[in-house]
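A quick write-up on the structure given underneath.
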Amino acid sequence: MKPDLFEAPDYYNLDELLTDEHKLVRDAARAWVKREVSPIIEEYAQKAEFPKQIINGLAEIGAFGPYIPVEYGGAGLDQISYGLIMQEIERGDSGVRSTASVQSSLVMYPIWKYGNETQREKYLPKLASGEWIGCFGLTEPDHGSNPGGMVTNFKDMGDHYLLNGAKMWISNAPFAQIAVVWAKDESGRIHGLIVERGMAGFTTPETHNKWSLRASATGELIFDNVKVPKENILPNKSGLGAPLGCLDSARYGIAWGAIGAAMDCYDTALRYSKERMQFGKPIGQFQLQQKKLAEMITEITKAQLLTWRLGVLRNEGKATSAQISMAKRNNVEMAITIAREARQMLGGMGITGEYSIMRHSMNLESVITYEGTHDIHLLITGLDITGLNAFK
Ligand SMILES: CCCCCCCC(=O)SCCNC(=O)CCNC(=O)[C@H](O)C(C)(C)COP(=O)(O)OP(=O)(O)OC[C@H]1O[C@@H](n2cnc3c(N)ncnc32)[C@H](O)[C@@H]1OP(=O)(O)O
């Protein structure tokens with residue numbers, strides 16, 4: 001039987017490089033996205049709303065804490081399964097994948113790695129099940145690429161910490177129950193604090209008028225003399241390296257996610273090229289269109305191999321930050337190029353919400369900027385190659 005194009009032709013399923021578990025995880029995520037996300041996501045993007053009804057499903061496919069140990073409610077999977085889940089979610093939408101990325105790598109990861117046992121037991125199972133959604137407060141109005149310059153700060157008041165400052169561009173902020181917030185102590189050292197909705201002085205105004213990631217909620221975090229209980233500080237790591245370590249995990253997931261967006265654009269263009277008639281033939285019969293499709297699948301395949309290898313390295317604890325930067329940078333640029341080519345193949349239809357391509361294109365404009373801009377990833381790679389730091 002001819003495969004459904006959404007199911008992806010065999011040559012880009014990477015099956016020979018995957019274990020049975022990887023394939024099971026990927027196929028379950030793919031089937032769920034096709035059933036629960038793709039049919040509704042355009043409507044939610046149009047009305048600029050995150051579809052909260054998919055939260056349970058995201059938890060069921062292991063999207064919240066794929067690699068967090070099962071004893072804390074996570075799925076206990078390896079890094080390649082984590083990547084494949086992110087890939088499949090982003091075939092549906094980058095905004096939905098961003099919600100899952102933040103929950104997994106920016107909220108659960110720091111609590112797991114830098115938190116104590118009480119914090120792990122209190123927060124991780126609720127985050128894994130989707131009962132609670134979290135957000136990550138690092139970026140500030142005047143400190144984006146330079147998070148080390150942050151001004152959000154806390155004072156030790158004896159029986160609690162007093163937190164003041166503001167964060168912006170925070171995914172999930174408007175409805176998150178908890179925030180992992182990075183702030184400086186009186187000596188200027190950065191620590192992670194868990195701030196809970198309901199603490200007096202903590203507000204999360206929503207950011208409106210986005211043309212990108214419209215199906216994901218973005219907001220600010222405002223801290224006006226917030227009393228944070230002392231037990232809410234993450235005790236096991238401090239300094240800028242703590243939040244940057246979380247970004248490594250998130251950036252790796254983004255690299256996989258971008259492949260998913262590219263796959264969906266490619267699938268759409270391929271399907272359209274067989275249906276759309278011009279000059280009495282399907283446009284896919286013309287060699288200029290075939291060239292576009294051949295180049296797209298070549299680039300997707302190259303990105304898959306780069307990212308799969310990174311997954312192998314991460315499973316062995318050997319991936320460097322620069323290797324992650326290379327993959328994030330390469331894959332997002334690849335996906336943007338493919339989305340643009342696919343949009344052209346669809347002609348005028350490509351700009352409508354009948355197809356997913358324009359939504360992917362607009363989403364990818366955020367993806368190329370968040371979690372380290374495109375240029376920051378070049379600098380991280382350049383620093384690794386030369387050992388010479390432009391900022392010092
Ligand atoms: C996934 C979906 C997300 C959706 C929402 C996304 C919202 C966001 O985008 S969140 C924020 C994104 N922000 C960024 O990505 C910030 C970009 N900037 C950077 O990556 C860094 O600041 C960068 C590369 C410019 C270097 O900054 P710089 O201030 O010079 O730091 P640097 O001195 O190199 O490092 C500071 C410390 O961190 C450590 N470090 C550096 N990189 C890393 C890393 N990747 N992992 C762990 N530690 C690290 C260093 O070893 C150093 O440690 P120590 O203090 O012990 O010597």
Boolean, ASN331 is modelled with pLDDT under 95, polar (S, T, N, Q), within 16 Å of the ligand (Cβ to nearest atom) and within 30 Å of LEU138 (Cα to Cα): no
Exclusive hit being within 16 Å of the ligand (Cβ to nearest atom), touching an Asp or Glu at 6+ places or on another chain (Cβ under 9 Å) and among the hydrophobic types (A, V, I, L, M, F, W, C), set ALA166, ALA176, ALA183: ALA166
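Given the criterion surrounded by 17 or more Cβ atoms within 10 Å (Cβ to Cβ) and either within 14 Å of the ligand (Cβ to nearest atom) or without any contact (Cβ under 8 Å) to a residue 12 or more places away in the chain (or both), identify the matching residue among LEU221, LEU193.
On the way: LEU193 fails: either within 14 Å of the ligand (Cβ to nearest atom) or without any contact (Cβ under 8 Å) to a residue 12 or more places away in the chain (or both).
Of the residues listed, the single one that is surrounded by 17 or more Cβ atoms within 10 Å (Cβ to Cβ) and either within 14 Å of the ligand (Cβ to nearest atom) or without any contact (Cβ under 8 Å) to a residue 12 or more places away in the chain (or both) is LEU221.
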Pairs, first under 15 Å from ILE61 (Cα atoms) and within 9 Å of the ligand (Cβ to nearest atom) in segment 84-109, second of a type in the set (Asp, Glu) and at pLDDT 95 or above, C-beta under 6 Å, six or more apart: ARG97/GLU90
In segment 247-281, residue surrounded by the fewest Cβ atoms within 10 Å (Cβ to Cβ) [restricted to those that are away from the ligand (no atom under 16 Å from the Cβ) and aromatic (Phe, Trp, Tyr)]: PHE279
Breaking point among (1) crowded, with 17+ Cβ neighbours inside 10 Å; (2) within 13 Å of the ligand (Cβ to nearest atom); (3) among the small types (Gly, Ala, Ser), for ALA390: (1)
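Somewhere in segment 111-118, is a residue crowded, with 24+ Cβ neighbours inside 10 Å and either within 12 Å of the ligand (Cβ to nearest atom) or assigned to a helix (DSSP H, G or I) (or both)?
Initial filter on segment 111-118 (crowded, with 24+ Cβ neighbours inside 10 Å): 111, 115.
Now restrict to residues that are either within 12 Å of the ligand (Cβ to nearest atom) or assigned to a helix (DSSP H, G or I) (or both): 111.
Yes: segment 111-118 contains one or more residues that are crowded, with 24+ Cβ neighbours inside 10 Å and either within 12 Å of the ligand (Cβ to nearest atom) or assigned to a helix (DSSP H, G or I) (or both).
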In segment 284-321, residue surrounded by the fewest Cβ atoms within 10 Å (Cβ to Cβ) [restricted to those that are farther than 18 Å from GLY260 by Cα and within 18 Å of the chain's Cα centre (by Cα)]: SER321
Top-ranked residue in segment 342-357 [being surrounded by fewer than 19 Cβ atoms within 10 Å (Cβ to Cβ) and in a helix (DSSP H, G or I); ranked as nearest to the ligand (Cβ to nearest atom)]: ILE351
Extreme residue, surrounded by the fewest Cβ atoms within 10 Å (Cβ to Cβ), among residues of segment 143-188 that are touching a residue at least 60 places away in the same chain (Cβ under 8 Å) and in a helix (DSSP H, G or I): GLY148
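Given the residues SER212, SER216, which is the only one that is surrounded by fewer than 24 Cβ atoms within 10 Å (Cβ to Cβ) and within 13 Å of the ligand (Cβ to nearest atom)?
SER212
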Every residue from segment 358-387 that is more than 24 Å from the chain's Cα centre (by Cα), away from the ligand (no atom under 11 Å from the Cβ) and either surrounded by 15 or more Cβ atoms within 10 Å (Cβ to Cβ) or part of a helix (DSSP H, G or I) (or both): ILE385, THR386
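With a cut-off of at least 2 residues that are β-branched (Val, Ile, Thr), name the helices (runs of 4 or more DSSP H) lying wholly within segment 51-103. Talk me through it step by step, then tell me what you get.
On the way: elements: 55-60, 79-92, 94-101.
Once the helices (runs of 4 or more DSSP H) in segment 51-103 are filtered for at least 2 residues that are β-branched (Val, Ile, Thr), what remains is 79-92, 94-101.
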Odd one out for THR337, checked against (1) touching an Asp or Glu at 6+ places or on another chain (Cβ under 8 Å); (2) in contact (Cβ under 8 Å) with a residue 60 or more places away in the chain: (2)
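The values are calculated or read from the model by the stated rules, or taken from the named source; none is laboratory data. Here the structure is a predicted model, which means the values were calculated and not measured. Neighbour counts are summed over all protein chains in view; Cβ atoms, including those assigned to glycine, are modelled from backbone coordinates with ideal geometry.
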